[in-house]
Amino acid sequence: MANKVDVPESRRYVGFDAYKHAIKDADVVLLVTPPGFRPIHFEEAVKQGKHVFMEKSVAVDVPGVRRVLDAGKIAEQKKLNVVVGLQRRYQYNYREGIKRVHEGAIGDIVAGQVFWNSGGVWVRPRKPGQTEMEYQMRNWYYFNWLCGDHIVEQHVHNIDVANWIKGKYPVSIQGVGSRAHRVGKDYGEIYDNFSVELTYDDGSVINSQCCHFEGSFNRVDETFQGTKGRIYLSAGGQAILWDHKGREIYRHDPQGNPNPYRQEHVELFEAIAKGEYKFNNTEYGAYSSLTGIIGRAACYTGKVIKWEEALKSNVDLLPEKFDWNANPKVMPDENGMYAAPIPGVNTDKHI
């Protein structure tokens, strides 16, 4: 790699402010740190006039969503391309299937189910000598200020498909969730299962389900019912539409389709190379992230949460100070355990 990558000591940056220097040296910025940092880094990239690829999710709390939306407006004014890593938007079977839905192939979408049920992700145990800030940073998936919980960090892909196919965002969200499997001190504060109902302004309801249960079945896909038929979609390349009598009316052929994780970058860099302003994925990236955030809060609080009310929230999850020796807002008890949210208790902390 030495003959391919030129990164001298003068361009190696460390610390919580390293992003400012790295962005200055870049032509295009890739934001792929834990989601809690996304609004801060995105603001800086736009301020410095850089085209951006930013991974999902783009925020972990409502103030972060607002920051991203504001920066996205400035990016538009500066004609900076912004692509968000919700790669199903760049996957051919999703594009072709949803295009047909929007053209009326199965009528109006009246219901749907979206899933990310799997065995979960890595755990990075605490090491001797780590400060609390370092431990949470290294084991970032299990702390909401960094990850947003798995409904926000991971399941946002499927939630985004629901919003995309509906062409709008929910007006209210309610649901249930808990810690049933991951209950030890290594798992921070987050839940391991959510079941959420997304209600849209036309009365349609889409059920969103995700869990991290080791040893249980996996399901990662989406299905929607329309007034004239239904559609099934999956990241594996499927898009199948049926009419109301169950007759197949479209099946996508994934043969030769590009990898969507690559395609989103190909399209971004082609636009930049041609001098085109073509992409600003900020709004749907922010609002699908917000959908997950509201879903998390609905389960944590046990309340039905209205979209417009949630947008006013000032609950900021980020630490007061970014320093390796500073304490995050969530700390362990004397036994090393983190308090998990209990519906109906301390609800003001969550939205």
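The values are calculated or read from the model by the stated rules, or taken from the named source; none is laboratory data. Here the structure is a predicted model, which is why all the values come from computation and not from measurement. A quick note on method: Cβ atoms are made from the backbone with ideal geometry, for glycine too, and the neighbour counts reach across all protein chains shown. Ligands, DNA and RNA are stripped out before the accessible areas are found, and what is left, the full protein with its side chains, is counted by its heavy atoms. Shrake-Rupley method; radii C 1.70, N 1.55, O 1.52, S 1.80 Å.
The condition (being under 24 Å from ILE106 (Cα atoms), in contact with a strand residue (DSSP E or B) (Cβ under 8 Å, 6 or more places away or on another chain), in contact (Cβ under 8 Å) with a residue 40 or more places away in the chain and buried (at least 17 other Cβ atoms within 10 Å of the Cβ)) is satisfied by just one residue among HIS252, HIS212: HIS252.
Among the candidates GLY226, GLY203, the residue that is surrounded by fewer than 16 Cβ atoms within 10 Å (Cβ to Cβ) and small (Gly, Ala, Ser) is uniquely GLY203. Each residue in segment 32-58 was checked for being among the polar types (S, T, N, Q), open to solvent by less than 10 Å² (accessible area, probe 1.4 Å) and over 18 Å from ILE159 (Cβ atoms), and 0 of them qualify. Selection of segment 318-351 for residues being closer than 22 Å to SER178 by Cβ, open to solvent by 80 Å² or more (accessible area, probe 1.4 Å) and among the acidic types (Asp, Glu) yields only ASP348.
Could you tell me which residue of segment 116-170 is surrounded by the most Cβ atoms within 10 Å (Cβ to Cβ), considering only residues that are among the basic types (Lys, Arg) and out of contact with any helix residue (DSSP H, G or I) (no Cβ under 6 Å at 6 or more places or on another chain)? Ranking the candidates gives LYS166 first.
Residues in segment 79-110 that are of a type in the set (Asp, Glu) and either touching a Ser or Thr at 6+ places or on another chain (Cβ under 8 Å) or surrounded by 22 or more Cβ atoms within 10 Å (Cβ to Cβ) (or both): ASP108 only. Criterion first (assigned to a loop (DSSP other than H, G, I, E, B), buried (at least 22 other Cβ atoms within 10 Å of the Cβ) and at pLDDT 95 or above) does GLY177 satisfy it? When the stated conditions are applied, GLY177 does not pass them. Within segment 304-317, one or more residues are surrounded by 13 or more Cβ atoms within 10 Å (Cβ to Cβ) and of a type in the set (S, T, N, Q). From the residues in segment 59-78 that are among the acidic types (Asp, Glu) and open to solvent by 30 Å² or more (accessible area, probe 1.4 Å), which one is nearest to LYS312 (Cα to Cα)? Residue satisfying both the conditions and the ranking: ASP70. Applying the condition of being under 17 Å from the mean Cα position of the chain (by Cα) and polar (S, T, N, Q) to segment 282-303 and asking which residue is surrounded by the most Cβ atoms within 10 Å (Cβ to Cβ) yields SER289. Contact annotation: residue pairs with Cβ atoms under 8 Å, 6 or more positions apart or on different chains, pairing a residue in segment 297-316 that is closer than 12 Å to VAL62 by Cβ with a partner that is of a type in the set (S, T, N, Q) and not in a helix (DSSP H, G or I), are ILE305/SER172; ILE305/GLN174; TRP307/SER172. Restricting to segment 95-115, count the residues that are within 26 Å of GLN263 (Cβ to Cβ) and either in contact with a helix residue (DSSP H, G or I) (Cβ under 7 Å, 6 or more places away or on another chain) or acidic (Asp, Glu) (or both). Matching residues across segment 95-115 total 8.
So which residues in segment 3-23 are basic (Lys, Arg) and either open to solvent by less than 60 Å² (accessible area, probe 1.4 Å) or modelled with pLDDT of 95 or more (or both), if there are any at all? Selection gives LYS20 alone.
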